[in-house]
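The values are calculated or read from the model by the stated rules, or taken from the named source; none is laboratory data. As the structure is a computational prediction, the values presented were derived from the model and not from experiment. Every residue, glycine among them, receives a Cβ derived from its backbone with ideal geometry; neighbour counts consider all protein chains shown.
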Amino acid sequence: MDKTEKRQGVVQTLRSTRFMFARVWKLRAGKGYVALKFIMALLDAALSFAAAVMPGLIIDQLMGREVSSWLILEVTILVLGPLLGEVLTGIGGRVICSLGQKIQLTYIEEFYRHTIKMDYEMLEKPDIQEQKGRAIDLLGNCLGVVDQIGALFRSMVSLFLLISIISLLNPLVILVMLFAIVGNSIVLNHLNQKSHNFDKEIGRRKRKQDAMQHMLDMFEYAKDTRLFRAGGLLVEKFAASRREMNVPIREKQAAANLAFLETAFLGLISRAVLYAYLVYMVAQKGMTVGNAVVFLSASEKFSAALDSILNAWLALAADAMKVEDYLKFINIPREQYGSGTKQPVFNRESVIEFKNVSFRYPGKDCFALKDFNLVIKGREKLCIVGENGAGKSTFIKLLTRLYSPTEGEILLNGINVNEYDYEKYQCLFAAVFQDFAQFYMTVGENIVLADSYDRERLDWACDEAGLTSVVEGLPQGYDTQVSKWIDESGVDLSGGESQKMAIARACYHAGEIYLLDEPTAELDPNAEYKIYQQFDHMTEEKCAIFITHRLAAVQLADKIAVFEEGRIVEYGTHEELYAKQGIYSGMLDRQAEFYRNTENEEECMEGAAE
């Protein structure tokens, strides 16, 4: 490491230390935490100094057969000091722990309030997830910087007290100990750099291991794992990922072992020189045994104080690298949330227009949408159909501003949607996604997604979604926990029931535009028919966009758009598209033929049974 890199490392450490200390100090609990840490540091330094000096003084007085009030006081301090220190440390430690928990919780809340407002497309990137993991590591020890500053302060006070004693022996002794400390600093600083790089690699490999472990732990994988006998495969993949992660862990440990061996060797040299010098002073120069004990104890504690200062600085340097990772993560631009301030309005006269929109996912070469154009009018019902990968879900992500177009623009009432307030714009939509989320909360909280709710509105939403009978059959109604993962008295809803819950969520939040992405995928045909009847009622006087493979939804649509390879290849009413005898009519005929064959098979089976 050259001088420039060392200087940059020092600057980075000082900058990051100042940043984290200032963050803690600005909190009321933080001020109390810092004050107590420094008071405890002073107490510890004073007791350490007493423990270094008192034994030698006592020995000299006893050898001179002197019993004085000073001797009694010295013995009392030496005996009672550790107890007093433990009592005060215990009392102060409880207060420090309580204040530390408050500070840590404050920053964890702040961190997650930040991440939930990060651009959706950013969170899908693996490298961003790795940065997030390293940022979370810092949150687990957000008070580490203050703790190390406290340790640094304690050690420096001890150092100045001990120097006054050691310098009476021979100032050159200090140089001998400094030799070991400087050597240790070089070794451990190099270890810090290597450890940080190892931690990055360990974090990257741990994400793969965590994914494998998740599939072994989570209940939703249990059926497939057993029925398809996939358990052995998952265990093998988990073990393989764990073995991959163990490689950098072993390398990190080997580097640490070598570094600690080198520091132990340097310590051996400095202690050998010190002991030899003290033996010489006692044997040849007439130093008293008590003074030798004082100097020996002071030298050991001086060396320990220097070590503590070094370790505190190296810990600050290690934390500084974590702080830099943290700052990189939280400084990732939140383009969507900061993009606009206008208030969106959507009514009967409103128009949303995709104008020459192209979109390519990060890291992909091909476009998911290409030169895409579409106009959606207020109160219009649009049904989108197409094969998997045609761009249907990408269209929804762009419409809701989860992603921004790579090219082109999306307009609402002639204004680019990025000029509108992000949260207010998203409030226009009530969505039921194909991969809807089921939260580990109660049924009521899953629908409302808030601590409090309007009971009448909740009842109405469940009635609209066909969920009322399900809720009435639950042991605690709306207060029943979803999933047994955190509560064994919870309920595991079926796929259809979960989907109805997602539909009820959209009803409760009722925006001006309903987005229904495969909303009946988990429902049987009879339930599907009822749901579409309810959709027809729900979306009356609303704009609605249906994405589906099952063409029963076309009966609700004013217009139908057929997607293929990121473009609209057919657009019009059901009658217009069917009359063209193109892609749409072919899809409809194939699906109708499938249902007719299914019905014939059922009739044959019923006849055979009779």
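Applying the set (1) among the charged types (D, E, K, R); (2) at pLDDT 70 or above; (3) not in a helix (DSSP H, G or I) to residue 65 leaves exactly one unmet item: (2). Taking the listed residues 490, 496, 473, 477, the one that is in contact with a Lys or Arg (Cβ under 6 Å, 6 or more places away or on another chain) and of a type in the set (Gly, Ala, Ser) is 490, with no other qualifying.
Within the stretch 571-590, being in contact (Cβ under 8 Å) with a residue 12 or more places away in the chain and part of a helix (DSSP H, G or I) holds for 574, 577, 583, 584, 587, 588.
Here the stretch 448-493 is the region considered, the condition is being among the small types (Gly, Ala, Ser) and free of Cβ contacts under 8 Å to residues at least 24 places away in the same chain, and the residue that is surrounded by the fewest Cβ atoms within 10 Å (Cβ to Cβ) is 452.
Among the criteria (1) under 29 Å from residue 397 (Cβ atoms); (2) at pLDDT 85 or above, the one residue 517 does not fulfil is (2).
If the condition is being among the acidic types (Asp, Glu) and in a loop (DSSP other than H, G, I, E, B), then the stretch 464-514 contributes 487, 488, 492, 512. What about residue 508, is it of a type in the set (Ser, Thr, Tyr), out of contact with any Cys (no Cβ under 7 Å at 6 or more places or on another chain), in the same structural domain as residue 397 (by TED's automatic domain parsing) and under 27 Å from residue 352 (Cβ atoms)? It is false that residue 508 is of a type in the set (Ser, Thr, Tyr), out of contact with any Cys (no Cβ under 7 Å at 6 or more places or on another chain), in the same structural domain as residue 397 (by TED's automatic domain parsing) and under 27 Å from residue 352 (Cβ atoms). Could you please find all residues in the stretch 553-573 being at pLDDT below 90 and buried (at least 18 other Cβ atoms within 10 Å of the Cβ)? Within the stretch 553-573, 553, 554, 557 qualify.
For the stretch 318-370, the tally of residues that are surrounded by fewer than 13 Cβ atoms within 10 Å (Cβ to Cβ) and not basic (Lys, Arg) stands at 12.
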